[in-house]
Amino acid sequence: MDAECTGAGSVRCGMETDMDRYCKRCQKLLEGDEIALYRKLIWREATEYLCLECLSRDLSSTPERLRDLIHYYRTKQKCCLFV
Ligand SMILES: [Zn+2]
């Protein structure tokens, strides 16, 4: 349904999207959705983030389930963190 996130979405909620962000653990380049989910689940004011793989490990979950969560927040809650 949705096109894959390119990280080039509009800026909302004062979220800076003009900088590349990397996972603080494995240094993977992060997608906007990964940053948004981290902010949603862990800490709204975070400036360092984890990728879905690392985050799912911390949460005893799986990257697939976190993808579902992202989809849920975007479609059901229309959370402004997810653009
Ligand atoms: Zn990582």
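Yes/no matrix, rows are residues, columns are (1) charged (D, E, K, R); (2) assigned to a loop (DSSP other than H, G, I, E, B):
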| residue | (1), (2) |
| --- | --- |
| Gln27 | no, yes |
| Asp33 | yes, no |
| Leu37 | no, no |
| Lys40 | yes, no |
| Arg44 | yes, yes |
| Thr47 | no, yes |
| Glu53 | yes, no |
| Ser56 | no, no |
| Ser60 | no, yes |
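Among Arg74, Arg65, which is part of a helix (DSSP H, G or I) and modelled with pLDDT of 95 or more?
Result of the check over Arg74, Arg65: Arg65.
In segment 34-49, is there at least one residue being at negative phi, modelled with pLDDT under 95, among the aromatic types (Phe, Trp, Tyr) and surrounded by 16 or more Cβ atoms within 10 Å (Cβ to Cβ)?
For segment 34-49, residues at negative phi, modelled with pLDDT under 95, among the aromatic types (Phe, Trp, Tyr) and surrounded by 16 or more Cβ atoms within 10 Å (Cβ to Cβ): absent.
Within the bounds of segment 14-23, is there any residue that is touching a helix residue (DSSP H, G or I) at 6+ places or on another chain (Cβ under 7 Å), under 18 Å from Tyr72 (Cα atoms) and at pLDDT 85 or above?
Checked segment 14-23: no residue is touching a helix residue (DSSP H, G or I) at 6+ places or on another chain (Cβ under 7 Å), under 18 Å from Tyr72 (Cα atoms) and at pLDDT 85 or above.
The values are calculated or read from the model by the stated rules, or taken from the named source; none is laboratory data. Please read all numbers here as calculations on a predicted model, not as lab measurements. Using ideal geometry, Cβ is built from the backbone for each residue, glycine included, and neighbour counts are taken over all protein chains shown.
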